[in-house]
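Take a look at the structure below.
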Amino acid sequence: MKPIRLIIFDLDGTLVNTLEDIAHSVNFTLGRLGRPLLHLDTVRQYVGDGLEKLLSRALDGHTEHLKEAKAIYTDHQRRYLVVNSRLYPGVVETLEHFRSLSLAVVTNKTLEFSEPLLVQLGIRHYFKMIVGADSGLPLKPAPDAFLSIIKDLRVPRERAVVVGDGTTDVLAGKAARITTCSVTYGFRSEAELRRAGPDHVIHEIAELKHLFRAE
């Protein structure tokens, strides 16, 4: 097992299954704008790159509605953030196992939603740092958020790991020159993740306990 000091987790599709609540807000927004509603699997393919790209894709190029769409979506998410969203199996046990390490979250979701989501699901206290889309750093796949955390927590790159369900996590991790681990139970297919070339691929988050140990 590789000795590590820091695990950086993605949020949506990695720690929390938020897909139904995101899709609910997307379709509420589209309905208000008179646009066709989307199937859950379609929304699955649109998430991961931030709210603006999510809604631009959902609007099928009708970006003249983007500003209004963002306002509708944001208001709806505030009211219905945690309806069907749930932690994935093994998340609490895995965080507890690694609680002696520095744990962080880097997400392309804004802190306005990330922080209360983690609080309401009872896992906010595990993380030393949360970096969101509104933290003033470029979104993943840019490595800036990872590099900022590594610097602030004074962790050598070779002792840091990123765990996520998206290709953006792999690309950002590679750019930051840290170990990358993809999870297959989230919003992207295993084939798509493997094409991005992660160092590890796991099917349950608890498998991290067999790959890494606290230094």
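The values are calculated or read from the model by the stated rules, or taken from the named source; none is laboratory data. This one's a predicted model, so the numbers in the text were calculated from it and none came from an experiment. Ideal geometry is used to build each Cβ from the backbone, glycine not excepted, and the neighbour counts take in all protein chains shown. Calculation scope for accessible area: heavy atoms of the full protein, side chains included, ligands and nucleic acids excluded. Shrake-Rupley method; radii C 1.70, N 1.55, O 1.52, S 1.80 Å.
Computed from the alpha carbon positions, the gyration tensor of the stretch 44-92 leads to an equivalent ellipsoid with semi-axes of 25, 14, 7 Å, biggest first.
When the solvent-accessible area of the chain is split by element, carbon and sulfur atoms take up 49 percent of it, the probe being 1.4 Å. Can you tell which of ALA58, GLY197, GLY31 lies farthest toward the positive end of the dipole of the chain, using +1 and -1 charges on the Cβ of basic and acidic side chains (Lys, Arg; Asp, Glu)? The residue sitting farthest along the positive end of the dipole is GLY197.
What is the calculated FRET efficiency for THR110 to HIS39, with r their C-beta to C-beta distance and R₀ = 35 Å, to the nearest 0.05? The formula returns an efficiency of 0.90 here. Taking each residue as 0.36 nm, the span from HIS125 to ALA71 lengthens on full extension beyond its C-alpha to C-alpha distance by 16.5 nm.
Looking at the chain alone, DSSP beta bridges between its own residues are antiparallel in about 10 percent of cases. Relative to its residue count, the chain spans a Cα convex hull of 109 Å³ per residue.
With the cut-off at 1.5 for a/c, could you classify the stretch 25-119 from its C-alpha gyration tensor as rounded, prolate or oblate? Prolate is the answer for the stretch 25-119, as a/c is 1.5 or above and a/b outweighs b/c. When you restrict to C-alpha pairs under 8 Å that are six or more residues apart and normalise by the size of the chain, the relative contact order lands at 28 percent. Against the empirical 2.2 N^0.38 Å (N residues), the stretch 1-42 has a Cα radius of gyration ratio of 1.82. For the stretch 102-171, the alpha-carbon radius of gyration amounts to 1.07 times the rule-of-thumb value 2.2 N^0.38 Å expected for a compact globular protein. For the stretch 1-74, the spread of Cα coordinates along the three principal axes comes to 53, 20, 18 Å, biggest extent given first. The residues of the stretch 77-215 present an accessible area of 46 Å² per residue when probed at 1.4 Å with all protein chains retained. In deg cm²/dmol and to the nearest 500, what is the mean residue ellipticity at 222 nm of the chain if only DSSP H runs of at least 4 residues count, each as -39500 (n - 2.57), divided by the residue total? Computed mean residue ellipticity for the chain: -12000 deg cm²/dmol.
Look at where the Cα atoms of the stretch 167-215 and of the stretch 14-48 average out, and the two centres are 24 Å apart. Scattering from the C-alpha atoms of the stretch 53-174 alone, worked out with Debye: what is log10 I(q)/I(0) at q = 0.20 1/Å? Debye curve over Cα of the stretch 53-174, log10 I(q)/I(0) at q = 0.20 Å⁻¹: -1.31.
Of the trypsin sites (Lys or Arg not before Pro) found in the stretch 139-215, those that fall in a DSSP loop while having at most 16 other beta-carbon atoms within 10 Å are ARG154, ARG177.
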